[in-house]
1. Under the condition of being in a strand (DSSP E or B) and under 15 Å from the mean Cα position of the chain (by Cα), which residue from the range 234-279 is surrounded by the fewest Cβ atoms within 10 Å (Cβ to Cβ)?
2. Output the residues belonging to the range 10-44 that are buried (at least 22 other Cβ atoms within 10 Å of the Cβ), out of contact with any helix residue (DSSP H, G or I) (no Cβ under 8 Å at 6 or more places or on another chain) and under 21 Å from GLU319 (Cα atoms).
3. Considering only residues of the range 280-298 that are part of a helix (DSSP H, G or I) and within 23 Å of ALA411 (Cβ to Cβ), which is nearest to the chain's Cα centre (by Cα)?
4. What's the total number of residues in the range 347-364 that are assigned to a loop (DSSP other than H, G, I, E, B) and touching an Asp or Glu at 6+ places or on another chain (Cβ under 6 Å)?
5. Being more than 30 Å from ALA288 (Cβ to Cβ) and in contact with a strand residue (DSSP E or B) (Cβ under 8 Å, 6 or more places away or on another chain) is the requirement here; does GLY194 meet it?
6. Just to check your reading of the model, which residue among HIS430, HIS445, HIS436 is of a type outside the set (A, V, I, L, M), touching a residue at least 12 places away in the same chain (Cβ under 8 Å) and under 28 Å from LEU309 (Cα atoms)?
7. Restricting to the range 130-169, give me the number of residues that are surrounded by fewer than 22 Cβ atoms within 10 Å (Cβ to Cβ), more than 12 Å from the chain's Cα centre (by Cα) and either among the aromatic types (Phe, Trp, Tyr) or not in a loop (DSSP other than H, G, I, E, B) (or both).
8. Within the range 170-189, can you find the residues that are of a type in the set (Val, Ile, Thr), out of contact with any strand residue (DSSP E or B) (no Cβ under 7 Å at 6 or more places or on another chain) and surrounded by 22 or more Cβ atoms within 10 Å (Cβ to Cβ)?
Amino acid sequence: MTINGEPVATEETLPVINPATEEVIAHVPNATVQDLHAAVKSARAAFSRWSSTSIDERSEFLCKLGDAISANREELATLLTLEMGRPSAAARGEIDGASYWLKEVAKQRLKREVIEETENHLVERYYTPLGVVGAIVPWNFPFALSIWKIAPALLAGNTVVVKPSPYTPLTALKIGEIASEILPAGVLNVVSGGDDLGRWITEHPDVNKISFTGSTATGKKVMQSAASHLKRVTLELGGNDAAIVLPDADPAKIAKPLFWAAFRNTAQVCIATKRMYVHEDIYDAFLAELVNFAKDVKVGNGSDPATDLGPIQNKMQYEKVIDLIEDTKRIGANIVLGGEIEDQPGYFIPVTIVDNPPEDSRVVVEEAFGPVLPVLKYRDYDDVIARVNNTKYGLGGSIWGNDIEMAKSIAERLETGTVWINEVSVLSPHYPFGGHKESGLGIEHSLDGLAEYTNSKTIMINKRK
């Protein structure tokens, strides 16, 4: 671990398992509550100095960290493949994306806002840092999501304690090691451990904000725990994103992008397309194109350059996805591709596509977070909008077709934080991103996301003498 700029080991450790082989590849520290206290104490001590540096200086530090990540690209990508199962090319892409993200966030500025200025009165709005940020990171994008939290938190003048998932701690721990050579001691601390560590962070009286990405069920617990000290929270939670394919769409043209919308990273993506609604006029043609493309996608060990999709990251999620497939079989739904699990090492599940299952079936209602996709038929727009919105989730969605005005009118009626038209999963440090309903609380990215790491302060001056 990295605490106050120094490497810290623990007597007790946790194993890290390669999901492609089920072999233990490393042991990492299992932090005690005393270790967490030390990390928070160092972050608190560093805060006054870090927050008083200019934003331009903090920006330079972020750029240096981005350069250092690029310099360590191959080692970081290898670690990511080993701990996550990510195919090598995609792992390098995540590392490159994180470096880019740091440098783009470094350009952002929250400017003082003059609300009123008269001869006798001045009202200005300022943004001030919160203090110590606890960043709790999931296992599906362990490197990128760490950076998504670290970059705006540090730029805003906060100090940070990062807790990676116990399933994928290696790349986050490496961030701490790299950053210790660049950032002042205590500005960025990285601690590893189990579920108790997450609870200790959310309950800690000297942590001022929690930024959490993960399941909706855990997000509710985080919010309850953070309430004890009225911590600020940003929660990016689960989703059951739908794609709507209009009748004028070209099945041959959209099958490939919609396949990757659903199955990228073995569908372990919060904004993956998890339900696909296709107009009945083109349903059969589209389903045939989708299945035909999927047949040539290789599932395997991420270290093999020929692999397109890796394993499910951990055994718990693997068993959940298998149970979902078995339930789909029990109800008699038509599985047109996949659905059979081979007896082999690793948490591998084949691409599985289900033909028009019942709307109330588990494979439609639940967030699979694995490579199982229901493709559903619809006739009219009011019907499909009602079906898409009939969920507790509201993260994202997409619409595909040539009638842009119709797509926009549908987009405005979807109860989600983001809607893409003829594209999907397009994210940027400069585009606001957040969920509606039980998909989250608060905004990430853009100046709105940066502001979430600050307090708003209003200063009023009576200029009369």
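What follows draws every value from the coordinates through simple rules; no lab data is involved. For clarity, every value in this text was computed on a predicted model and none was experimentally measured. Cβ coordinates were reconstructed from backbone atoms using ideal geometry, including for glycine residues, and neighbour counts include every protein chain displayed.
1. Per the stated criteria, the residue is THR234.
2. If the condition is that a residue be buried (at least 22 other Cβ atoms within 10 Å of the Cβ), out of contact with any helix residue (DSSP H, G or I) (no Cβ under 8 Å at 6 or more places or on another chain) and under 21 Å from GLU319 (Cα atoms), then ALA20 is the only one that fits.
3. Filtering first and then ranking leaves LEU290.
4. Number of matching residues: 0.
5. Criteria met by GLY194.
6. Criteria check complete, one pass: HIS445.
7. Of the residues in that region, 1 qualify.
8. Result: THR171, single match.
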